[in-house]
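Comments concern the structure below.
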Amino acid sequence: MKNLWNDGEAEKLVSEYAKKGVDRDLALRVYTTRLLGGEPRLVLHGGGNTSLKTKATDILGEEWDVLCVKGSGWDMAVIEPAGLPAVKLDSLLKARRLDMLSDEDMVAMQRANLIDPSSPNPSIETLLHAFLPHKFVDHTHSTAILALVDQDDSERLCRKVFGDRMGFVPYIKPGFDLAKAAADIYDADPSVEGLILDKHGIFTFAESAREAYELMIRYVTMAEDYVAQNGKQPFTPVSLPGELASPAEIASMLRGAVAVDKGEGRFDRMVSEFRTSDAILEFANAENADDLSKRGVSTPDLSIRIKTGPMVLPAPEKSKLSAYRKVIEERIADFSTRYRKYFETNDARDDVSRTMLDPMPRLTFVQGLGLFGHGRTLKEAKIAADVGEMLIDAIRGAESIGSFSPLPLSDLFELEYWSLEQAKIAANKPKPLTGQVALVTGGAGAIGAATAKLFAAQGAHVVVVDLNGEKAKAVAKEAGNGSIGVAADVTDPASVRAAFDEAVETFGGLDILVSNAGAAWEGKIGEIDDALLRRSFELNFFAHQTAAQNAVRIFKEQGTGGVLLFNASKQAVNPGANFGAYGLPKAATLFLSRQYALEYGPLGIRSNAVNADRIRSGLLTDEMVASRSKARGLSEKDYMSGNLLGQEVRAEHVAQAFLHHALAERTTADVTTVDGGNMAAALR
Ligand code: ZN
């Protein structure tokens, strides 16, 4: 592993922080923490931490010996001094005298000794850092080290590779007990330059930031070299079918299968992140990939991300896609049955009351294709995929020098169902549309943009589709939550198909369609140009049908219901003079909404329409508002609020109606009116 220490960079950071009153030691602590955190083969999503023993002054001006240790929630790659909260060292050291200390008491004690009480929680490995005497302590979950410790004879192997330069600590769950055991092993031979933690990772320590970091790199490199020099080709590939299905062709089936069925037509859905690479395929295509996946995870804190390990699916043959659904369902059933058994067996070992987490995989390898990370949010799905890539790096190393033998599932359970982790999960309340994917056409217009933003704020990942791709991207960016903008012409079926494919490729599937794109042409119906009327039907009717067909295709693949929402105008029920070209196709679209409700209700697919009027948008431009209000002798304000409520109706109000329809579980074939009240357009 490359040593990234750079004197110039280090000094630059020291002088930058000096201006902010941060001393040299802490600045260098930040510097090497970032170096470690930037390398996924060392540290991934919380899997590592660092500390510094120094002095800090409290609010009363009193100076204390403190441990500045990585705070929970901070990413080491971009850490700041605030991410290394200072804890009074003397109190931490006193804890070593105790015979036992519960996790909750440990957290409380650490918090009680913070110099700044508003700091994040110090790492769960804080006491281990405190009990070691060195000024700088570094800890990582290096995949090369894991290749050595995830072996049956890991201790012998570590002695062979590192000699007596490293202490060896048997596996103990992180916390007080591990901290004491590690400190005892260090005390027995203080000449060691670090500690290897069986089935877990590595600590190095020194009096300078540079030295502790360089020791980490040195020992990780020794492990890498050992694997490279003594390794054999670890995987035998399976033979793959001649023509494989594409990832997008199986993504929605897989996404539907990993959704948690809550009964009564409700699902906790997940989104998927697909990845592939030579390394991913080498593992996925291994004959024993399934066996390796069932053994566990390379370092126990990965269980918080990917539970007991990945699921493996056989290669999908293009010509046998319909039979593949059954294969997915069988593998999921097998995974969840084993997960339930794992929970029940281990939960029964004590009197602690626990709630089983959902039994669905968070990581799926598909032979011939790559991996899918699954998560309730895109962020979680990406983390699962990141973790998957590092998991197979460790497995590859372990298998090439021996046999991957990680922590047994019974010990893993302790970590996955750790009270501290369960509390974090409980605090993470989902939003109403968490896990759902929505596609909005006409997404750059006023109503489309307002809907995209509202849905994203409610937890959905939104695919903003518009003829103007740049504007669509801008709306998606503003909506946030990983939403994407896609350029598409809704009147071109191939273009529409491509937009839906992009939704599936990015998020794994689709749950809600907001078919909103439309435009109005004026003209007396008896005299209107035939081509113009047909053009209006293309956009205001057929485009809705094309979008709905694509959505239903994906909904059926997923098997978890879905929602179709149509923007039908007031014109659909209450024709206005000279608006026939607009009202006629919109009336057909209103009927279309009901036809879908009728034919797809049995599959849990709901279909509703919103009937809006007089909204400033692409349809009703500012110039039109000005000329119409003038023609009626009204101020613009009086014209726009010419309804029963006497209030202007805005795009946000239409978005609210779409959201209502997306959430109303027992509402289908409905039309909701958003016009401030207009008796002539009221439905009856
Ligand atoms: Zn650790």
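The values are calculated or read from the model by the stated rules, or taken from the named source; none is laboratory data. All values reported here derive from a predicted model rather than from experimental measurement. Quick reminder, even Gly has a Cβ in these numbers, built from the backbone with ideal geometry, and neighbours come from all protein chains shown. Surface areas here come from the heavy atoms of the whole protein model, side chains and all, with no ligands, DNA or RNA. Shrake-Rupley method; radii C 1.70, N 1.55, O 1.52, S 1.80 Å.
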key: Restricting region 1-18 to residues that are open to solvent by less than 60 Å² (accessible area, probe 1.4 Å) and within 26 Å of Ala144 (Cα to Cα), the residue that is nearest to the chain's Cα centre (by Cα)   = Met1
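If I ask for residues that are surrounded by 15 or more Cβ atoms within 10 Å (Cβ to Cβ) and not charged (D, E, K, R), which ones from region 322-332 would you list?
First pass over region 322-332, keeping only residues surrounded by 15 or more Cβ atoms within 10 Å (Cβ to Cβ): 324-325, 327-328, 331-332.
Hits for region 322-332 are Tyr324, Val327, Ile328, Ile332.
Given region 458-569, what strands (runs of 3 or more DSSP E) lie entirely inside it while holding 2 or more residues that are without any contact (Cβ under 8 Å) to a residue 60 or more places away in the chain?
On the way: elements: 461-466, 484-487, 512-515, 562-569.
Ranges flagged: 461-466, 484-487, 562-569.
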note = The residue that is nearest to the ligand (Cβ to nearest atom), considering only those in region 36-58 that are aliphatic (A, V, I, L, M) and either free of Cβ contacts under 8 Å to residues at least 40 places away in the same chain or touching a strand residue (DSSP E or B) at 6+ places or on another chain (Cβ under 8 Å) (or both), is Val43
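Among the candidates Leu371, Leu378, Leu454, which residue alone is open to solvent by less than 10 Å² (accessible area, probe 1.4 Å) and in contact (Cβ under 8 Å) with a residue 24 or more places away in the chain?
Leu371
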remark   = Those residues of region 564-603 that are closer than 21 Å to Glu264 by Cα and surrounded by fewer than 18 Cβ atoms within 10 Å (Cβ to Cβ) come to a total of 5
note = Scanning region 42-68 residue by residue, those touching an Asp or Glu at 6+ places or on another chain (Cβ under 7 Å) and open to solvent by less than 10 Å² (accessible area, probe 1.4 Å) turn out to be Gly47, Asn49, Thr50, Leu52
query = So, in region 131-141, of the ones that are more than 18 Å from Val30 (Cα to Cα) and touching a strand residue (DSSP E or B) at 6+ places or on another chain (Cβ under 6 Å), which residue ends up nearest to the ligand (Cβ to nearest atom)?
reply = His141
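Out of Ser298, Ser272, Ser252, Ser277, I need the residue that is within 16 Å of the ligand (Cβ to nearest atom), under 22 Å from the mean Cα position of the chain (by Cα) and either open to solvent by less than 60 Å² (accessible area, probe 1.4 Å) or farther than 27 Å from Thr364 by Cβ (or both). Which one? Give the derivation first.
Working: Ser272 fails: within 16 Å of the ligand (Cβ to nearest atom); Ser252 fails: within 16 Å of the ligand (Cβ to nearest atom); Ser277 fails: within 16 Å of the ligand (Cβ to nearest atom).
Sole residue among the options that is within 16 Å of the ligand (Cβ to nearest atom), under 22 Å from the mean Cα position of the chain (by Cα) and either open to solvent by less than 60 Å² (accessible area, probe 1.4 Å) or farther than 27 Å from Thr364 by Cβ (or both): Ser298.
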request  = Evaluate the following for Gly402: is it at pLDDT 95 or above and open to solvent by less than 10 Å² (accessible area, probe 1.4 Å)?
outcome  = no
remark   = When every residue in region 162-199 that is over 22 Å from Met100 (Cβ atoms), in contact with a strand residue (DSSP E or B) (Cβ under 9 Å, 6 or more places away or on another chain) and away from the ligand (no atom under 16 Å from the Cβ) is compared, the one most open to solvent (accessible area, probe 1.4 Å) is Arg165
message = Here is a check on your reading of the model: is Ala245 within 16 Å of the ligand (Cβ to nearest atom), open to solvent by less than 10 Å² (accessible area, probe 1.4 Å) and either in contact with a helix residue (DSSP H, G or I) (Cβ under 9 Å, 6 or more places away or on another chain) or more than 30 Å from Ala183 (Cβ to Cβ) (or both)?
response = no
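Do we find that Ile185 is in the same structural domain as Ile79 (by TED's automatic domain parsing) and in a helix (DSSP H, G or I) in this structure?
Numbers: in the same structural domain as Ile79 (by TED's automatic domain parsing): yes; in a helix (DSSP H, G or I): yes.
It is true that Ile185 is in the same structural domain as Ile79 (by TED's automatic domain parsing) and in a helix (DSSP H, G or I).
Kindly check whether there is at least one residue in region 671-679 that is among the polar types (S, T, N, Q), open to solvent by 70 Å² or more (accessible area, probe 1.4 Å) and more than 25 Å from Val437 (Cβ to Cβ). Full working, then the answer.
The first filter runs over region 671-679 and keeps only residues among the polar types (S, T, N, Q), leaving 672-673, 678.
Then keep just the ones that are open to solvent by 70 Å² or more (accessible area, probe 1.4 Å); that gives none.
No: zero hits.
Inspect region 425-435 for any residue being open to solvent by less than 10 Å² (accessible area, probe 1.4 Å), in a loop (DSSP other than H, G, I, E, B), farther than 30 Å from Thr546 by Cα and hydrophobic (A, V, I, L, M, F, W, C) and give the result as yes or no. If you could, list the steps in order and put the result at the bottom.
We begin by selecting, within region 425-435, every residue open to solvent by less than 10 Å² (accessible area, probe 1.4 Å); these are 433, 435.
Retained after the next criterion (residues that are in a loop (DSSP other than H, G, I, E, B)): 433, 435.
Going one step further and asking which of them are farther than 30 Å from Thr546 by Cα, we end up with none.
No - not one qualifying residue is present in region 425-435.
Regarding region 54-64, can at least one residue be identified that is within 28 Å of Gly201 (Cα to Cα) and out of contact with any Cys (no Cβ under 8 Å at 6 or more places or on another chain)? If you could, list the steps in order and put the result at the bottom.
The first filter runs over region 54-64 and keeps only residues within 28 Å of Gly201 (Cα to Cα), leaving 54.
Keeping just the survivors that are out of contact with any Cys (no Cβ under 8 Å at 6 or more places or on another chain) gives none.
Among the residues of region 54-64, not one is within 28 Å of Gly201 (Cα to Cα) and out of contact with any Cys (no Cβ under 8 Å at 6 or more places or on another chain), which makes the answer no.
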key: Which listed residue is polar (S, T, N, Q) and more than 30 Å from Ile172 (Cα to Cα), from Ser272, Ser298   = Ser272
request  = For residues that are surrounded by fewer than 18 Cβ atoms within 10 Å (Cβ to Cβ) and aliphatic (A, V, I, L, M), tally how many sit in region 412-424.
outcome  = 2
inquiry  = What are the pairs with Cβ atoms under 6 angstrom where one residue, in region 1-23, is of a type in the set (Val, Ile, Thr) and the other, located anywhere, is open to solvent by 40 Å² or more (accessible area, probe 1.4 Å)? Sequence gap at least six, or different chains.
reply    = Val14/Arg24
message = Residue under question is Gly38, and the condition is that it be small (Gly, Ala, Ser) and either modelled with pLDDT under 95 or closer than 23 Å to Ala108 by Cβ (or both); does it hold?
response = no
request  = Just one of (1) open to solvent by 40 Å² or more (accessible area, probe 1.4 Å); (2) more than 22 Å from Leu510 (Cα to Cα); (3) away from the ligand (no atom under 16 Å from the Cβ) trips up Gly388, so point out which.
outcome  = (1)
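Could you please give the count of residues in region 339-356 that are under 22 Å from Gly375 (Cβ atoms) and either surrounded by 15 or more Cβ atoms within 10 Å (Cβ to Cβ) or not assigned by TED's automatic domain parsing to the domain that holds Phe267 (or both)? Explain how you work it out, then say what you get.
Restricting attention to region 339-356, the residues satisfying the condition of being under 22 Å from Gly375 (Cβ atoms) are 339-340, 342-343, 354-356.
Keeping just the survivors that are either surrounded by 15 or more Cβ atoms within 10 Å (Cβ to Cβ) or not assigned by TED's automatic domain parsing to the domain that holds Phe267 (or both) gives 339, 342-343.
Here the count works out to 3.
Would you confirm, using the coordinates I've provided, whether Pro361 is out of contact with any Pro (no Cβ under 8 Å at 6 or more places or on another chain) and under 19 Å from Arg305 (Cα atoms)? Break it down stepwise before answering.
Working: out of contact with any Pro (no Cβ under 8 Å at 6 or more places or on another chain): no; under 19 Å from Arg305 (Cα atoms): yes.
Criteria not met by Pro361.
Output yes when any residue across region 313-325 is over 17 Å from the mean Cα position of the chain (by Cα) and under 26 Å from Leu44 (Cβ atoms), and no when none is. If you could, list the steps in order and put the result at the bottom.
Narrowing region 313-325 to residues over 17 Å from the mean Cα position of the chain (by Cα): 313-325.
Add one more test, that the residue is under 26 Å from Leu44 (Cβ atoms), and what stays is 313.
Yes, region 313-325 contains at least one residue that is over 17 Å from the mean Cα position of the chain (by Cα) and under 26 Å from Leu44 (Cβ atoms).
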task = Just give me the residues in region 410-443 being in contact with an Asp or Glu (Cβ under 7 Å, 6 or more places away or on another chain) and modelled with pLDDT under 75, in sequence order.
result = Ser419, Leu420
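Can you tell me which residues in region 380-415 are among the acidic types (Asp, Glu) and more than 28 Å from Asn285 (Cβ to Cβ)? Can you show your working first?
First pass over region 380-415, keeping only residues among the acidic types (Asp, Glu): 380, 386, 389, 393, 399, 411, 414.
Of everything in region 380-415, those that are among the acidic types (Asp, Glu) and more than 28 Å from Asn285 (Cβ to Cβ) turn out to be Asp411, Glu414.
Tell me, yes or no, whether region 315-325 has at least one residue that is away from the ligand (no atom under 16 Å from the Cβ), farther than 22 Å from Thr276 by Cβ, in contact with a strand residue (DSSP E or B) (Cβ under 9 Å, 6 or more places away or on another chain) and free of Cβ contacts under 8 Å to residues at least 12 places away in the same chain. Before the answer, list the steps.
Within region 315-325, the first condition is being away from the ligand (no atom under 16 Å from the Cβ), and the residues that meet it are 315-325.
Checking which are farther than 22 Å from Thr276 by Cβ leaves us with 322-323.
Now restrict to residues that are in contact with a strand residue (DSSP E or B) (Cβ under 9 Å, 6 or more places away or on another chain): 323.
Going one step further and asking which of them are free of Cβ contacts under 8 Å to residues at least 12 places away in the same chain, we end up with 323.
Yes, because at least one residue in region 315-325 is away from the ligand (no atom under 16 Å from the Cβ), farther than 22 Å from Thr276 by Cβ, in contact with a strand residue (DSSP E or B) (Cβ under 9 Å, 6 or more places away or on another chain) and free of Cβ contacts under 8 Å to residues at least 12 places away in the same chain.
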